[in-house]
Each structure stands twice: as C-alpha cells, then as structure tokens.
Amino acid sequence: MARRIATGIDIGTHQTKVVVVEEVITEEGPQVRIIGTGLSETQGLRHGYVVDLQDAIESIQLAKGQAESIIHMPIKSAFLAVGGVSLDETRASGQTIISRADQEITDLDMEKVRDEARRTAEPQFLNRKVLHEIPLEFRVDGVKTLGAPIGMKGTRLEGEFLFVTCLSQHAEQLTAAVEGADIEVIDRMASPLAGSYVTLTKDQKMKGCVLANIGAETVSIVVYDEGLPISVKVFQTGSTNITDDLALGFKISLEDAERIKLGRLSGTMYPKKKVEEIIALRFRTMFELIEKHLRSLNRHGSLPAGIILSGGGAGQGTISDIAKGTLSLPSRLADMRITSETKIRDATWAVAYGLALWGLTGDTDTPKKNVMGDLTRGFARFIKQFMP
C-alpha cells in the first residue's frame, strides 16, 4: 500500500518552512503525524514579494534538504502558502430564479448564483488571481438559510460570496521559486486560512474571532464568525518595524536594535521602561489597523472568542495585553493542535503545517482540487465544507 504523504511550504519574508506529514493507521483509526521539517532564512523576498528569484530558490532548497534528510526520501510536490501585502478580498452577490418546475433548489442553481457573483466581481480581478471563493450567506425568497439550501423550495436564490485574491504576478513568482527548487506546486492557499486550520477550534470559529499573524514585514488576519472566514486582510507592518523604532529611539545600529528587541542586549543605556514603551507603541499601531478593519465589518468588540496571536512577533513582550486593551476583546497566544512527540513547538509553523494537512486530507475550511487537478466532486460538496 502506497504511503499517503503531503508537504506544505510557507515562504515568509524572514523564514522559509517546510512540513511533511503522513497518514498512519492506528487502532483508533487513521491519524496524521509530522515526519519531517525544514527551516531556512529567507532570502530574496520583500513584504512577501519575490525580488530575487535565485535567492528565494536557494532558501527553499535549503529547507527542502533539511526535511528530506529526516524523511529519507525526495520531496517532489507540495502545497504552497500565498501571503504578503498583495492578498486582498472582494465581496459580491449573485441571484437566480430556481430552474426546476417543482421549485426545488439544486446544484445547478447554486452554480448559477456563484457564477453571477463572480461576474459582478470580475472588474476587481484585473491582474489578480482568485485563490478562494467562499460562500458567506444564502437567501431563499429573501429569507436567510441555515446551512446549504440544496433541497429547499422557493422561486429565487441569492448568495453572497467572499473572493480571496492576490496579484497574479505574486502567485506566479512564488510558484516559480518553488518549482525552481524541483518541487511541483499542486495547489495554493492564502496563508491566514492555512494557519487558522491548526490554531483555531471549531467553537472559536463559531463564536467569532480574529487570528492575527505578526510576521516580519506584514500582519495578516482572518476573521471568523458563525464558522465562516468572513474576511482576510494583510497590513504592511510587522516586527521589523519594532527594530526600526528602537534604532531611531536609541540612535543605534539595526543590529543592536534587533538584539534589544530579542532581549539579548540591555544596560543603563537602554532603559527597560523606554524599550517597552517603544515596543508597545508599535504594537498599538498594528492593532489599531486591525480595529479599523473590524469596524468596517461591524465586528468591533463583538467577537466573543477574541483575538488569537501567532507568528514570530507574537511572543514579544506584553503583546497580548496590548491587543486586549486596543481591541476591547479577549486576547491570547495561539496554540498548535499537534501531538506531543513532534519537534514543532510553536505557532510560527502553523501555516506550513496547515497546508500539509490540507494537502493530505482536504479537511479544511477551504475547497481544493485533488492531487490530479480534477474538478471537485460537485458544487454541493464545495458548499458543505463551509457549513457548520
């Protein structure tokens, strides 16, 4: 029997991570375990964009080589995270008259609504790649449905969709970098969604929450409510801005500022109180951007599961308290839902791990094509993946 293995690749501005998972059969049934990881310092990226293709390829090759040395087999294909400031979202609605004479809603009606919504949003897709089409709400004759409306009866079906997009050039360059490392890209997923798969529980998604990944040069968020990802957003700020602030505040080199940020340099010349004030000011600025976005969604202060913090910058100082005070929401650091024997210890690996699970099981909040590139098995199955 062939081994079922999948690989996830997360190319961040600061680090490139590779996670390989395998499905194993136990007495309790099929389980997924991590069998290999690889980590390298990313070169050739800026704000998530590839600025030097060869440097980016070498970073991937290094992380790939580490993982291969652990699993003792070559990595030939993978699932790729797409992050960076080019990630954006578009909302659009579609509607159709029920096609069957008995007025029962079918897969065909669902497809018509989706296609109409996509046509409405088409002007926003210039030079952009649609990564995900997420149904947010359906209405039958003006009444909101609970779950997929297939099988219900009515005269008119309406649907609202969230389209998660990125610049086509961005996705193509990231794919080219991975393929340059002799890895076939099977499919791509927006980084915030991939990370949410292994850091958020179903209850948190149902109650409503925001997952914020504090990266080196970007802060990416995904907002969940009633079990659905209702918004994906990336802000052009990150933990390197803290380093810049410390360098300017103390008139020191960036290298020394980075050491201060990491707690490796201290003394009378760098008062702890002032360091904390500089760091706190930058974090408040980050969370004010998130707060403004939540207000635009009418979700400010109304997400009971609060804000969950992940990424390399999430372990800095009193970030959780700052988030709580700025957003008026419960706040905590993200936990990874993984087995104790794995070498992965923190949520900075969430995106790569989530991708690998997505590739192996397809059991995520985002639809995907199968490994052979065939179409998904009907639009009904597509819809059900988002329904609680």
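See the values below:
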item: Count - residues of the range 87-114 that are acidic (Asp, Glu), more than 19 Å from residue 170 (Cα to Cα) and surrounded by 13 or more Cβ atoms within 10 Å (Cβ to Cβ); result: 4
item: The listed residue being aromatic (Phe, Trp, Tyr), at pLDDT 90 or above and not in a loop (DSSP other than H, G, I, E, B), out of 382, 287; result: 287
item: In the range 241-255, the residues that are surrounded by 21 or more Cβ atoms within 10 Å (Cβ to Cβ) and within 30 Å of residue 299 (Cβ to Cβ); result: 242
item: Residue check for residue 60: touching a residue at least 60 places away in the same chain (Cβ under 8 Å), under 28 Å from residue 212 (Cα atoms) and surrounded by 15 or more Cβ atoms within 10 Å (Cβ to Cβ); result: yes
item: Which listed residue is surrounded by fewer than 20 Cβ atoms within 10 Å (Cβ to Cβ), closer than 26 Å to residue 360 by Cβ, β-branched (Val, Ile, Thr) and without any contact (Cβ under 8 Å) to a residue 60 or more places away in the chain, from 143, 130; result: 130
item: Residue among 147, 159, 151, 180 that is at pLDDT below 95 and within 26 Å of the chain's Cα centre (by Cα); result: 147
item: Candidates 30, 123, filtered to the one that is free of Cβ contacts under 8 Å to residues at least 40 places away in the same chain and in the same structural domain as residue 181 (by TED's automatic domain parsing); result: 30
item: Residue that is surrounded by the fewest Cβ atoms within 10 Å (Cβ to Cβ), among those in the range 190-227 that are in contact with a Phe, Trp or Tyr (Cβ under 6 Å, 6 or more places away or on another chain) and among the hydrophobic types (A, V, I, L, M, F, W, C); result: 219
item: Residue that is nearest to the chain's Cα centre (by Cα) [pool: residues in the range 265-323 that are in contact (Cβ under 8 Å) with a residue 24 or more places away in the chain and either at positive phi or not assigned by TED's automatic domain parsing to the domain that holds residue 215 (or both)]; result: 311
item: Every pair of residues 6+ apart whose Cβ atoms lie under 8 Å, when the first sits in the range 327-354 and is in a strand (DSSP E or B) while the second is surrounded by 15 or more Cβ atoms within 10 Å (Cβ to Cβ) and modelled with pLDDT under 85; result: 333/314; 333/315; 333/347
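The values are calculated or read from the model by the stated rules, or taken from the named source; none is laboratory data. Computed from a predicted model, the values in this text were never measured in an experiment. Backbone-built Cβ (ideal geometry, glycine too); neighbour counts: all protein chains shown.
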